[in-house]
Amino acid sequence: MLVFVMLHLANHSLNLISLKAAEEGRHWFLAIWRNPVGTVLFYGAAIVHVALIIRSLYLRRTLVMPLREASQIILGLLIPILLIEHIIGTRIRYEIAGLNDTYEFVIRSLWVESPGSAIRQTLALLVVWAHGCIGIHFWLRYRDWYSRAAPFFLTLAILLPVLSLLGFAYTGRILASEPIQSSYGSGIAHGNTFISAEALQQLAVVKFMLYGVFATSLLSVVTLRMLRSWRERSNQIEIRYPEGQVVRVPRGFSVLEASRIGGVPHYAVCGGKGRCSTCRVQIIEGADTLVKPDTTEQATLNRINADPDVRLACQLRPLNNISIVPLLVPTLEGNLPANSQQVNPGREQEIVILFCDIRNFTALTEAQLPYDVVFLLNRYFAIVGQAVERAGGRLDKFIGDGAMALFGLQGSPEDGCRQALRASAMIVSEIDRLSQELATDLAMPLRVAIGVHSGPAIVGAMGYGRVKSLTAIGDTVNVASRLETIAKELDVVLVVSEPTIMKAGSETKHLESREIAIRGRAEPLRIYVVTQEMSAHFT
């Protein structure tokens, strides 16, 4: 369906060139879709899409849901209501009355003869496109490559409907100021006289049937939901929460649905589809009565190495009373000001971590005035920050006289390794220059120690309230911090792990290598020791 809509909008955009160009594009468009195969694919997909929305409404045990989920359902239900009229006036009229629905005919009908229909059609276009884009975003947002492709998708999502509407308006203004051309209806007289009374009656019957089937489907869902609710009232279970809340729901409701019904704060970043583990709960009582996890739930639980008593609230549908403890509770965050949270639920990603620290900082500043210490730190922070940003990385945080930076968030791990080494070389060079500049004011030369390591880490927005930013946690971060400490112990400017320097494709034959033990790791890690003179090779 989205392919159809994209090609349709692109065809509309050709009106910005000329009506003739749009009509030529229309012939190609019709060749794809107005044949038995294209017709079955498109209208089959449309029927299946509407049927899935109707089905989801019935299967959903509660209509209490986040605004994002509600907007998708509402937009999906609006699409048939807004498009049935357009389908009747083009494809159905073409099949029944033999109307040649050229661009001139359609745009003149909408822009000149029925401006109200033009507004309706514009709204339909925006609803369809927004519904499709939202669906694509939430489908692909956890893919590793999506963050790199998202800017291009966003550009397309904005430009295509804008160009389409501009093309429609441009041709509409031209047709409003010109007389009817011979292409209008392929020579058929202006107005509705070219359609017989029998054809008009057939079109009215088809329209009534389409609206009737859709309305009947919605009414059936509402009726079935009411019958199910009435039947389930006498067959309820209790779900108990750690703060004393008790929510009674019918058997078959998920724990996440129970939380929403009872107003209990409960994370569900993926919308309750089992694609994340943010809704996970620990079963305190009643674990022996639960059905085993299905394939989707078990795959997610295996990925996070969950304990046997941990389940996903969105997938768990208890048949008896249970007691649970949500493991990620957003209770306090619900009281925070709007837009104070960064939207990034966190994911595992291959990145590069750089830690940098000033060596002998206490000895350097013990005789300095407080203002002088602040001045020195700000100069140092500026050097590190500019080097990281110029190399293509992201400055994560400053900790005392230390700094942490992330590389490879947008590009490949190999690019991130090269960026981190280039940033290290720039930091060493600029710190040496600053040391010479302040030589008369410092008790000893200004020197830094840097550790760089690459590997998988959890990247996401972490913190509280407005003090929340994108950061990384995990073993990779701990190892990078350890390498920075080793750089101090070895009295060198940079220690980089073997995986990092190999991915960067840097020459290592002139570098000293060692194997070191890292706490918590069974295997030793090979590192490369880089002196101040050798660091220039990474620029």
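The values are calculated or read from the model by the stated rules, or taken from the named source; none is laboratory data. Quantities reported herein were computed from a predicted structural model and do not represent experimental measurements. Here the Cβ is made from the backbone with ideal geometry for all residues, glycine too, and neighbour counts use every protein chain on show. With ligands, DNA and RNA removed, areas are computed over all heavy atoms of the protein, side chains included. Shrake-Rupley method; radii C 1.70, N 1.55, O 1.52, S 1.80 Å.
Numbers at a glance
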quantity: Segment D491-D309, extension gain: residue separation times 0.36 nm, minus the distance between their alpha carbons; calculated: 60.6 nm
quantity: 12 Å beta-carbon shell around A423, net charge (K/R +1, D/E -1); calculated: +2
quantity: Diffusion constant of the chain at 20 °C, which comes from Stokes-Einstein with the Kirkwood Cα-pair radius and 1.002 mPa s, µm²/s; calculated: 74 µm²/s
quantity: Under 21 Å from K468, Cα to Cα: lysines that are on another chain or at least 8 residues apart; calculated: K397
quantity: Rel. contact order, % - alpha carbon contacts under 8 angstrom, at least six apart, the range 389-468; calculated: 19 percent
quantity: Those lysines that a straight Cα-Cα span of less than 18 Å connects to K292, excepting residues fewer than 8 apart in one chain; calculated: K273
quantity: Accessible surface of M444 - all protein chains present, 1.4 Å probe, nearest 10 Å²; calculated: 60 Å²
quantity: For peptides 317-326, 50-59, sequence by mean Cβ density within 10 Å, most packed first; calculated: 317-326, 50-59
quantity: Cysteines without a disulfide-compatible neighbour (Cβ-Cβ under 4.7 Å), the chain; calculated: C133, C279, C314, C356, C417
quantity: Cβ-defined net charge surrounding Q282, 13 Å radius [Lys, Arg +1; Asp, Glu -1]; calculated: 0
quantity: Estimated FRET transfer efficiency when R0 is 56 angstrom, pair R231-L470 (beta carbons, to 0.05); calculated: 0.70
quantity: Estimated inter-spin distance, S56 and V162, nm [label 7 Å along Cα→Cβ]; calculated: 2.8 nm
quantity: Extension gain (nm, one decimal) between E69 and T289, 0.36 nm per residue minus Cα-Cα; calculated: 76.1 nm
quantity: Distance from the range 256-271 to the range 96-164 (C-alpha centre basis), Å; calculated: 33 Å
quantity: Residues A517 and W28, FRET efficiency given R0 of 51 Å [Cβ-Cβ distance, rounded to 0.05]; calculated: 0.20
quantity: Estimated distance in nm for a label pair at W139 and R173, the labels positioned 7 Å out from Cα along Cα-to-Cβ; calculated: 3.6 nm
quantity: Net charge contributed by nearby residues that have their C-beta within less than 11 Å of A313 (K/R +1, D/E -1); calculated: +2
quantity: Helix runs (DSSP H) in the chain reaching 27 Å along axis by Cα, Kyte-Doolittle at least -0.5; calculated: 36-59, 67-87, 115-140, 146-176, 197-232, 370-391, 413-437
quantity: Within straight-line cross-link reach of K509, lysines at Cα separation under 29 Å, skipping those fewer than 8 residues along the same chain; calculated: K488
quantity: Within the chain, longest stretch free of exposed GluC sites (Glu not before Pro) [DSSP loop, at most 16 other beta carbons within 10 Å]; calculated: 1-242
quantity: Relative contact order for the chain, counting Cα pairs under 8 Å that sit 6 or more residues apart, in percent; calculated: 11 percent
quantity: Share of carbon and sulfur in the accessible heavy-atom surface of the chain [1.4 Å probe, %]; calculated: 60 percent
quantity: Whole-Å distance, taken between Cα centres, linking the range 373-452 and the range 488-535; calculated: 18 Å
